[in-house]
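Here is the structure we will look at.
The values are calculated or read from the model by the stated rules, or taken from the named source; none is laboratory data. These numbers come from a predicted model, not from an experiment. Neighbour counts run over all protein chains shown; Cβ positions are idealised from the backbone, glycine included.
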Amino acid sequence: MSSRRIRVDMVARVEGEGALDVELYGEDIRDVRLNIFEPPRFFEAFLQGRHFSEVSDIVARICGICPVAYQMSAVHAFEKLFDVAIDPEVRRLRRLLYCGEWLESHALHIYMLQAPDFLGFDSALEISRSAPDVVRRGLRLKKVGDAILKTLGGRAVHPVSVCVGGFTRVPSKQALTALLDDLHWSREAAVETIRWVAGLEFPEFDMDYTFVSLRHADEYPFNEGDVAVSGEAGQATIPVADFEQHFEEEHVAHSNALHCHYHGQSYFVGPLARLNINHDRLHPLAASMLQETGLALPLVNPFHSIVARAIEVLEAVEEAIDIIEGYTPPAQSFADVQPQAGECMAATEAPRGMLYHRYGVDAKGLITEAKIVPPTSQNQTRIEADIRMLLPSVIKRQDEEIAHACERVIRCYDPCISCATHFLKLTVNRN
Amino acid sequence: MSPVKRDKPRLAVFKFASCDGCQLSILSLEEDLLILDEAVDIAYFPEASSKMQPGPYDAALVEGSISTPEHLHQIAEIREQSKVLITIGACATAGGLQALRNFADVDHFTEVVYAHPEYIESLSTSTPVSEHVKVDFELWGCPIDKAQLRHVLSDLLAGVMPRLPEQSLCLECKRQGHACVLVAEGAPCLGPVTRTGCGTICPSMGKACYGCFGPADLSFPYGRERANAASLAQRFSSQLGMSGDEIRRRFHLIYGYMSPFREIGGEIEEEQDR
C-alpha cells in the first residue's frame, strides 16, 4: 500500500495566503491540514498600551476587505463599558456603513472569487471574455458598496470616520440620497444575481453542521444580537458576554491562525449560518427571492453559500435604501465619552461571519488586554472536516483534480486569511 | 510586410505580511480592471486567478512587509524575475503597522497572541522591501489611493517611470478649503509632516490626520528634505499639552518605522530625561 501527499501550495482566489496538505495512505485519509502561513502580525500585542480612541484605526488594518467589521466590534465593546448612549440615527448610519461593506465584500466574492469555480474558469477576467455583462454587473455592485463606504467614511478601504461614540462627521441628507439611484439599480442587479447563482450546478454535499451567528430581536444581524447556536440539538442562545465560556481557541502547529471550537466541536459561521438562523428577519423582497430559489431551509450544502451571499446582497441593498430614505441627520455626530476601567466585549457580523472582540481597559482609557476572534479561525476546523468528508468521493482521481475539488470547498467559506492570522496553501500528501 | 506583433507586458502581484487592502484596490478598479486585463497579461495574481504563471515578469507589484525567514528568499527571487519592481502600500514601503514590533520584544509579542509560541516562525522585525532588494518605485499609503494607482499603471504602460507629489498634506487641505483642525480645534494633526495623496480625507471628516501616507518630502531651491516631524512633536507638547507617550503613539503608528516618524519617541524621552 502506498501513501501519497497532495499539496496546494497557494490556494487561489481567497484573501490572504494559505495552503492545504492532504496525506493519504492508499485510500485512507491520514491527515488534512489547512495551513495558514500568512505571517502573524501580532495585533493583540501592540494594541496593549494604546488609547481606546486609537483602536478603530488600528484594528481596521487587520483586514482590507472587512475593516468596518473590525471597527464596529471594537467601538461597540468600548461603548458598552463606558455606558455611552448612541443616537438612534447614528446607530442606523452604522448599519448603513455595514451594508456598504457586505455589498462590496459579497459582490467581490460571488463574482471575482467563487463564480469561476462554477463556470470552469481560472478567474473572473476569463469569464469577462465570454460574458462581459455578468462581470460588469458584479464590478458595479461592488462599486456601489464602495460608494456607501466612501460617503460615510471617506474611503472604501480603512474608512476614517468611525469613532467611539459615533462618527467624526455624519453625511448630509443630500449626500446620502445621491446614492439612491445606484441602489435602485443594485436592487435589480441583486435580484438578477440571485437568479443567476441559484441556477448554478451545485455538487451534492449535504452535511450536519452546527451554525453560529448573531440573532437580534427584530433585525437581520449586523451590529448587535445574542450568539445563536443552531444544530441537531435545536437552538441555544448565548449572551455575547459569555462567548468565551462556550467557545475556545486552540493553537495547532500547522497554522498561524488559532482554531476556535464550540464545546470541542467544529462550527460554521458566515452567510449560510446567518440565513439559516435569521431568514425570518429578511426584508420582504429578499425573503420572496429566497423562496423563488426553491431551496429548502436549513441550507446544509456549503456550496449554497453563494446563494446565501447573494440573498444578503439584496438584504443589504434593501436595508440601505430604507435607512437613507428615513434619514434625518442627528444633532450631534458623536456622543461624549468618559473612559472607565474594566473589561468589555462585542460581536458583530463581518461579511464572512461573526467577529468577536474583548478588551481590558484601565482608568486612563489605555488598553491592557485585547482578544480578537475572527470568522476564519472559527471556520477553519469546519473546513478541514468538510475536506475529510469530500475526499472519499474524489480519492480515485488525479492529484490535480483532488486539489481543485478541495479548493472549491475552501472557497465556499470565503476565508479571509489575512484576518485569520492571523490563510492558505494546499498540500496533498500521498505516500 | 506584416506588422510586428508585440507580446503584452507581463504583470505579477505578490503579497507578504499585509491586510490585502492594497491588492483589493486593483480589483476595485472596476471598468479599468477590464482595460488593464486587455493591456497586460496578468501572469501572477493569486487573489484574482488560479492560473499562476512563472516569471520572468515585466512588472511586479509587491504588497506587504518582509516578516518571516522565507520572505527573505522570496523577495530576492521576485527581484530577479522582475524588470520593474514596485511596492504598494505602507507595509511594503515602510514595514506597516506590524513594524511596531520593531520597537518591542517580539518574543513577548508572540506570547501575548499565541499559546504555543514555538510554532510561530517570524522574524523579529517587519521591514520594508527596500531594505532587502532594489525597488524601482514606491506607491505609498494605507491603503494606496486608486487614482494614484491608475496614474502609476498608466505611466508604466507608457514606458515612463511614474512620479507622484511628495509634499505635505497641508497644501492640498488648504486648496480644498478645510478648516485647519490643528489651529482651530487643537487636534494633533499630522498633516503638516504627512505626504499628500489621500485627498485630505481626515480633515474633511473633522478628524486629525494620522499619517497613513507616511512622512512628506519637502522641496527647497537647494534640494529636498524630509518633513520636520520633531518640530511638530514639539508643538504637540508645548501647545497641546500632550505627554511624551501620547506624542510617541501619534507618530508610531502606520508609518512609525519610517524616518523621521521613527525617531520621535526617542527624542521626546531624551528631553524629558534632561
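Numbers for the structure displayed
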item: Qualifying residues in region A:87-130 (those that are β-branched (Val, Ile, Thr) and closer than 21 Å to A:ILE306 by Cα) - the one surrounded by the fewest Cβ atoms within 10 Å (Cβ to Cβ); result: A:ILE127
item: Residues of region B:144-164 that turn out to be in the same structural domain as B:ALA17 (by TED's automatic domain parsing), in contact with a strand residue (DSSP E or B) (Cβ under 8 Å, 6 or more places away or on another chain) and not aliphatic (A, V, I, L, M), as a count; result: 1
item: Residues satisfying the stated conditions in region A:185-229, i.e. of a type in the set (A, V, I, L, M, F, W, C) and in a strand (DSSP E or B); result: A:PHE211, A:VAL212, A:LEU214, A:VAL227, A:ALA228, A:VAL229
item: Residue tally, condition closer than 24 Å to A:GLU407 by Cα and either out of contact with any Phe, Trp or Tyr (no Cβ under 9 Å at 6 or more places or on another chain) or among the hydrophobic types (A, V, I, L, M, F, W, C) (or both), over region B:50-68; result: 1
item: Unmet requirement for A:ILE306, which otherwise passes all of (1) out of contact with any strand residue (DSSP E or B) (no Cβ under 6 Å at 6 or more places or on another chain); (2) surrounded by fewer than 24 Cβ atoms within 10 Å (Cβ to Cβ); result: (2)
item: Count - residues of region A:143-157 that are within 7 Å of chain B (Cβ to nearest Cβ) and not hydrophobic (A, V, I, L, M, F, W, C); result: 4
item: Which listed residue, of B:ASP32, B:ASP58, B:ASP136, is charged (D, E, K, R), within 30 Å of A:VAL134 (Cβ to Cβ) and modelled with pLDDT of 95 or more; result: B:ASP58
item: Residue within region B:39-47 that is among the hydrophobic types (A, V, I, L, M, F, W, C) and in a helix (DSSP H, G or I) present; result: yes
item: The lone exception for A:LEU108 - which of (1) assigned to a helix (DSSP H, G or I); (2) touching a Ser or Thr at 6+ places or on another chain (Cβ under 8 Å) it fails; result: (2)
item: Test: residue in region A:198-220 that is within 21 Å of the chain's Cα centre (by Cα), of a type in the set (Val, Ile, Thr) and more than 30 Å from A:ALA233 (Cβ to Cβ); result: no
item: Which listed residue, of A:LEU258, A:LEU297, A:LEU285, is among the hydrophobic types (A, V, I, L, M, F, W, C) and closer than 30 Å to B:SER67 by Cα; result: A:LEU258
item: Hits in region A:162-184 - residues which are aliphatic (A, V, I, L, M), within 25 Å of the chain's Cα centre (by Cα) and in a loop (DSSP other than H, G, I, E, B); result: A:VAL164, A:LEU179
item: Residues within region A:325-361 that are over 30 Å from A:GLN174 (Cα atoms) and touching a Gly at 6+ places or on another chain (Cβ under 7 Å), tallied; result: 5
item: Candidate set from region A:13-31 (those that are away from every other protein chain (no Cβ under 11 Å) and part of a loop (DSSP other than H, G, I, E, B)); member that is surrounded by the most Cβ atoms within 10 Å (Cβ to Cβ); result: A:GLY26
item: 2 or more residues over 30 Å from A:ASP336 (Cα atoms) and modelled with pLDDT of 90 or more: qualifying helices (runs of 4 or more DSSP H) within region A:350-431; result: A:375-394, A:399-412
item: Test result for B:GLY141, buried (at least 21 other Cβ atoms within 10 Å of the Cβ), among the small types (Gly, Ala, Ser) and not assigned by TED's automatic domain parsing to the domain that holds B:MET242; result: yes
item: Hits in region A:165-208 (condition: crowded, with 16+ Cβ neighbours inside 10 Å and among the β-branched types (Val, Ile, Thr)); result: A:THR168, A:VAL170, A:VAL191, A:THR193, A:ILE194, A:VAL197
item: All positions within region A:99-111 that are within 19 Å of A:GLY199 (Cβ to Cβ) and within 12 Å of another protein chain (Cβ to nearest Cβ); result: A:ALA107, A:HIS109, A:TYR111
item: Listing of helices (runs of 4 or more DSSP H) fully contained in region B:118-218 that carry 1 or more residues being within 30 Å of A:PRO40 (Cα to Cα) and not polar (S, T, N, Q); result: B:146-157, B:201-204
item: Qualifying residue in region B:162-174 (condition: of a type in the set (Lys, Arg) and in contact with a helix residue (DSSP H, G or I) (Cβ under 7 Å, 6 or more places away or on another chain)); result: no
item: Odd one out for B:VAL106, checked against (1) modelled with pLDDT under 95; (2) more than 8 Å from chain A (Cβ to nearest Cβ); (3) crowded, with 17+ Cβ neighbours inside 10 Å; result: (2)
item: Whichever residue in region A:249-282 is more than 23 Å from A:CYS66 (Cα to Cα) and acidic (Asp, Glu) and, among such residues, is nearest to the other protein chains (Cβ to nearest Cβ); result: A:GLU250
item: Any hit, region B:38-61, residues being among the polar types (S, T, N, Q) and more than 14 Å from every other protein chain (Cβ to nearest Cβ); result: no
item: Whichever residue in region B:6-37 is among the basic types (Lys, Arg) and in a strand (DSSP E or B) and, among such residues, is farthest from the other protein chains (Cβ to nearest Cβ); result: B:ARG10
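For (1) touching a Gly at 6+ places or on another chain (Cβ under 9 Å); (2) more than 24 Å from A:GLY18 (Cα to Cα); (3) surrounded by fewer than 21 Cβ atoms within 10 Å (Cβ to Cβ), each residue gets a yes or a no:
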site: B:SER25; (1), (2), (3): yes, no, no
site: B:GLU31; (1), (2), (3): no, yes, yes
site: B:LEU34; (1), (2), (3): no, yes, yes
site: B:ALA39; (1), (2), (3): no, yes, yes
site: B:TYR44; (1), (2), (3): yes, no, no
site: B:SER49; (1), (2), (3): no, no, no
